[in-house]
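See below for the structure under consideration.
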Amino acid sequence: MSTQYTNILTSRPEPGVALITLNRPKALNALSSLLLNELSQALKEFDRDPQVGAIVVTGSEKVFAAGVDIKELTNIQYADMIKGHWLGKDWPDLTRIQKPIIAAVSGFAIGGGCELAMMCDIILASPTAKFGQPEIELGVIPGGGATQRLTHAIGKSRAMEIILTGRHFSAEEAEKWGLISRVVGDGEGVVVKDAVEMAKTIASKGQISVQAAKETVNAAYELSLAEGLRLERRLFHGLFATQDQKEGMAAFTEKRKAVFTHL
Ligand code: CAA
């Protein structure tokens, strides 16, 4: 039986695809420790599930997530932060999930919401999406990765502007700056539909090569070029030990569609 959650919804809209919907509408999907804990659990559950090939994370039309729950943080002390590992233990480090994760963003993705989207592998946004890191307005700085991930994604000058002024930026700017993969067409639910479609396409590939591709692209953020290229070559070599490589190449030669067994 699948786990019951109260702050998120989970479903399987297509074969191979898991959908996680953040669901605290009254608090604009503010990332409380309970929500983060449930998100982390659900991601791990889907990561272990052999029937799932890709995961979509979304919010509502109005909001992806308005950041970490400020009401939980207001009276917290430094020592509590350290002992509770705030944004350490509870922050679901999406980059440790092996399967690809697509963020489908509508409305506000700000503060921890923007950081959550940036921990996903691909971001699709509706034209209504608004991104931002307004922590400076609260007397703090981003604590969920934005100073690093936003800077890697959009460059120092733009990241400085966004983090130091706290201003929101549009889906169009996010696309132009390379933060997101693309802005989808107008209309309710379009971004989730497109993300699910993309996840279905990814889930139809061999899971071993998909996960190797994700690992090597992510390594480009952490390793030197020489180390990254060595990792890529070794994983490429390793894929020749899989049945999926034999099937993929045989199918090409025989002019038919490959049937991957993830072995
Ligand atoms: N935490 C807790 N509650 C929040 C929240 C948050 N991050 N964002 C919104 N809410 C709550 C509001 O308090 C309000 O609750 P009540 O009805 O009980 O008063 C409800 O959601 C609706 O919010 P608004 O009335 O403000 O809605 P709006 O449409 O007028 O404005 C908004 C939307 C611009 C997103 C605005 O809510 C806002 O600025 N929210 C705060 C955003 C923010 O500062 N995020 C950063 C948080 S810190 C962080 O994330 C740290 C980090 O780096 C990890």
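The values are calculated or read from the model by the stated rules, or taken from the named source; none is laboratory data. The shown structure was predicted, so the numbers you read here are calculated from the model rather than taken from an experiment. Virtual Cβ from ideal backbone geometry, glycine too; neighbours counted across all protein chains shown. SASA here: full protein model, heavy atoms, side chains in, ligands and nucleic acids out. Shrake-Rupley method; radii C 1.70, N 1.55, O 1.52, S 1.80 Å.
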Report summary line: Zone reached by a paramagnetic label modelled 7 Å from residue 78 Cα along Cα→Cβ, restricted to region 118-156 with backbone N below 18 Å, covers 139-143
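For residue 188 and residue 247 in the same chain, what is the full-extension length gain: residue separation times 0.36 nm, less their Cα-Cα distance, in nm?
Working: separation 59, 0.36 × 59 = 21.24 nm, distance 3.94 nm.
Answer, rounded to one decimal: 17.3 nm.
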Requested in this report: Could you look at region 1-64 and say what percent of its accessible area is carbon and sulfur, using a 1.4 Å probe and all protein chains?
Outcome: 53 percent
Query - For region 222-227, Karplus couplings with θ = phi - 60° (6.51, -1.76, 1.60), whole Hz, Gly/Pro x - result: 10, 9, 5, 4, 4, 5
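Over all pairs of distinct alpha carbons, what does the Kirkwood formula give as the hydrodynamic radius of region 69-172, in Å? Numbers along the way, then the final one.
On the way: mean 1/r = 0.0690 Å⁻¹.
Final number for the Kirkwood radius of region 69-172 is 14.5 Å.
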Query raised in the report: How much net charge surrounds residue 96 when only other residues with a Cβ under 10 Å from its Cβ are counted (Lys, Arg +1; Asp, Glu -1)?
Result: -1
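Which pairs, out of 205/257; 26/62; 130/214; 44/246, put more than 22 Å between their alpha-carbon atoms?
Numbers: 205/257 11 Å; 26/62 11 Å; 130/214 26 Å; 44/246 30 Å.
Among 205/257; 26/62; 130/214; 44/246, the Cα-Cα distance tops 22 Å for 130/214; 44/246.
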**Report entry** region 137-210: relative contact order as a whole-number percent, Cα under 8 Å and 6+ apart
**Finding:** 19 percent
**Report entry** Computed helical MRE - 222 nm, the chain, DSSP H runs ≥ 4 contributing -39500 (n - 2.57), nearest 500
**Finding:** -12500 deg cm²/dmol
Query - Selection of GluC sites (Glu not before Pro), region 204-254, meeting DSSP coil and at most 15 other Cβ within 10 Å - result: 222, 254
Query - Angle between the chain longest axis and helix 33-48 axis [Cα atoms, degrees, rounded to 10] - result: 0 degrees
Query raised in the report: So, in nm, how far is label residue 167 from label residue 34 when the simple model puts each one 7 Å beyond its Cα toward the Cβ?
Result: 3.8 nm
Report summary line: Once the mean of 1/r over all distinct C-alpha pairs in the chain is inverted, the Kirkwood radius in Å reads 19.4 Å
